[in-house]
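Here the structure comes first, spelled out in structure tokens, and everything after it is commentary.
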Amino acid sequence: MQDSAEKRPRPPPEPPAPTPALVPNRVSLLGARTVGAGGVAVAFSLGFPTLSARVAVGVTSRFDVLVGFDSLYGLMNEARLGWRWSVLDGGPRWSLGVVMEASHAFFLRSASVEVRGARYVTGRRNWNVMPGLVGSFQFQGQRARRLFVDARYLLTVDTEPTQRTPLGGLPPDQVSASAWTFRVGAEMPLSEKTSYFVSAGGDFRGHSVDADFMPVVSVGIVTGL
């Protein structure tokens, strides 16, 4: 009896439970890919020269409303409002869009006592308009990194102009200036809705009292709600 029990064939082992497929991460706030109708994404970043917060709300499948806040660590605080339109959609791999943001900046120090302060570092003035183009490209894979490029024209309007030249007379009521901004970076997905990102670039300015070129770098996180 004992020998027959030992010779009885053992049942085959149960197959392992199938691993659920990873859901691809499509949540982007720095590139051209929109969050979709009813979608919401938020991003926070820390860097030089500013820290920032952004919110994107999807109005349609290709159009987002953008709300943002930038700060030169309290020396300048800038409220932003804009939109992002995904003009060309290449499926999950690439997209190209148009972005527009307008902002109002508040400075801790008045322009009359500031020499190379918040205005010099950020290039911002009281009112700013920033139209531009953004592009995205995502590598293959459910958690593949997503590259982005952001190029914009910056138009500033200074309502507190000062006269730096002796005997130069009274300054005008307002002064406008322009610049070009350029950013490149990558979003690295951590989960279905959350990614961390790095970004670098610079501002090329035309205002005579600003730095001709200011490097910009930031790291942060973006997540969908």
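The values are calculated or read from the model by the stated rules, or taken from the named source; none is laboratory data. It should be emphasised that the depicted structure is a prediction, and the values quoted were computed from it without experimental measurement. Don't worry about glycine lacking a Cβ; one is built from the backbone with ideal geometry, like all the others, and counts go over all protein chains shown. SASA here: full protein model, heavy atoms, side chains in, ligands and nucleic acids out. Shrake-Rupley method; radii C 1.70, N 1.55, O 1.52, S 1.80 Å.
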Item to check | Sites matching trypsin sites (Lys or Arg not before Pro) across the range 130-225 that sit in DSSP coil, with at most 13 neighbouring C-beta atoms within 10 Å | outcome: Arg164
Next on the checklist: Sort Ser45, Ser112 by heavy-atom solvent-accessible area, probe 1.4 angstrom, most to least.
Outcome noted: Ser112, Ser45
Item to check | Per-residue HN-Hα couplings for the range 177-194 [Karplus 6.51, -1.76, 1.60; θ = phi - 60°; Hz; x = Gly/Pro] | outcome: 8, 9, 7, 10, 10, 9, 9, 9, x, 8, 9, 10, x, 9, 7, 4, 10, 10
Next on the checklist: Are there any chymotrypsin sites (Phe, Trp or Tyr not before Pro) in the range 127-225 that are in a DSSP loop and have at most 12 other Cβ atoms within 10 Å? List them by number.
Outcome noted: Phe139
Next on the checklist: Report the Rg/Rh value for the range 121-225, based on alpha-carbon coordinates and the Kirkwood definition of Rh.
Outcome noted: 1.15
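Helix-only mean residue ellipticity at 222 nm, the chain, DSSP H runs n ≥ 4 weighted -39,500 (n - 2.57), per residue, nearest 500. What is it?
Mean residue ellipticity, 222 nm, calculated: -1000 deg cm²/dmol.
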Item to check | Radius ratio Rg over Rh of the chain, counting only Cα atoms, Kirkwood formula for Rh | outcome: 1.27
Next on the checklist: Give me the 1.4 Å probe accessible area per residue for the chain, excluding ligands and nucleic acids, in Å².
Outcome noted: 56
Checklist entry - Of Ala151, Gly141, Pro171, whose Cα points farthest to the positive end of the dipole of the range 89-172 (charges on the beta-carbon: +1 Lys, Arg; -1 Asp, Glu; origin at the Cα centre)? => result Gly141
Next on the checklist: I'd like the carbon and sulfur percentage of the solvent accessible area for the chain, probe radius 1.4 Å, heavy atoms only, ligands and nucleic acids excluded.
Outcome noted: 66
Checklist entry - Restricting attention to the range 113-197, which GluC sites (Glu not before Pro) occupy a DSSP loop and are surrounded by at most 16 other Cβ atoms within 10 Å? => result Glu192
Checklist entry - Whole number please: convex hull volume per residue of the Cα set in the range 98-137, in Å³? => result 80
Item to check | Dipole magnitude of the chain about its Cα centre (Cβ charges: Lys, Arg +1; Asp, Glu -1), debye to nearest 20 | outcome: 420
Item to check | Solvent-accessible area of Met214 with every protein chain in place, 1.4 Å probe, in Å² to the nearest 10 | outcome: 20
Checklist outcome for this item: In whole Å, largest first, the alpha carbons of the range 67-163 cover along the principal axes 54, 23, 19
Checklist entry - How much of Arg26 can a 1.4 Å solvent probe reach, expressed as accessible area in Å² and rounded to 10? => result 80
Next on the checklist: Counting only other residues whose beta carbon sits under 10 Å from that of Gly31, what net charge do I get with K and R as +1, D and E as -1?
Outcome noted: +1
